[in-house]
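The values are calculated or read from the model by the stated rules, or taken from the named source; none is laboratory data. This is a predicted model, so every value here is computed, not measured. Note that we place each Cβ from the backbone using ideal geometry, even for glycine, and neighbour counts take in every protein chain shown. Surface accessibility is based on the protein's heavy atoms, side chains included, excluding ligands, DNA and RNA. Shrake-Rupley method; radii C 1.70, N 1.55, O 1.52, S 1.80 Å.
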Amino acid sequence: DCYKGIRYYELEACTVVVTTFPALGSLLPPRARGRSQSLFTHIFMDEAAQVIEPESCIALCLASDRTKIVLAGDVYQTKPLILSKYGKQYGLDESLLQRFEQLPAYETDTLRRCKIELRENFRSQETIVKFLSELFYDDSLLCNPPSLTGPTNYPALSFLHVSGDEQSLHGFPSFYNKEEAELTMLALRKFVAAGVHVENIGVFSTYSGQVKLIHVALKEASINGR
């Protein structure tokens, strides 16, 4: 029964507790809040750069002065998704991790290191790593292994310009861009015509509306994709 109330003695019996950020508020019953000693020796907040600051602060409320807290994430990747213009106006689209990054204690060259940077990339092609390294990371990233390459007859990284406006259907809380979808299909057809197998092509979009639009275009083009 995953929806039952959490009992304090059940938490005490656990070595590790895994939870989502929204569920943190109900992690401890009211009578357990405000205890001088925390149950947790360590609190690890994964993808902390994508979480709004109030939710991160809930996790901090579960700590004592002896609890070790680790925020893992990358402020140069996805930020918290805030749809309210008032929320953005008052800074809710800035994560706690991003605020910490602005403090002197978290500067890279400080003597008292409060930040650990993982600089070796094991998953991307060297051209892509070099581009991101120069653009965001002060040219500090390393590609490991350096010999990781893709097909030599295709550029590892390309940017295509597209003009178009984001649209949304009434009552559907997502966006789509027709011109962007058309350019995506044009690029996909070129790859397929050049002999690249469809199962080796990945198309990503941050909006579910755009995903649906591309799915329709793939079906109309008789291209089998997931």
Reported set for the stretch 4-41 where residues are more than 22 Å from the chain's Cα centre (by Cα), open to solvent by 90 Å² or more (accessible area, probe 1.4 Å) and modelled with pLDDT of 85 or more is Thr15, Val16, Thr41
Could you tell me whether any residue of the stretch 173-190 is within 26 Å of Ala156 (Cβ to Cβ) and within 21 Å of the chain's Cα centre (by Cα)? no
Kindly check whether there is at least one residue in the stretch 89-97 that is at pLDDT below 85 and farther than 29 Å from Ser133 by Cβ. no
Filter the stretch 199-226 for residues that are assigned to a helix (DSSP H, G or I) and under 26 Å from the mean Cα position of the chain (by Cα) and give the result. Glu199, Asn200, Ser208, Gly209, Gln210, Val211, Lys212, Leu213, Ile214, His215
Here are some conditions: (1) hydrophobic (A, V, I, L, M, F, W, C); (2) open to solvent by 70 Å² or more (accessible area, probe 1.4 Å); (3) in contact with a Ser or Thr (Cβ under 9 Å, 6 or more places away or on another chain). Val203 meets all but one. Which one does it not meet? (2)
Does Asn153 count as over 30 Å from Leu71 (Cα atoms) and modelled with pLDDT of 90 or more? no
Scanning the stretch 51-100 for residues that are over 29 Å from Phe175 (Cβ atoms) and part of a helix (DSSP H, G or I), the one least open to solvent (accessible area, probe 1.4 Å) turns out to be Ala59
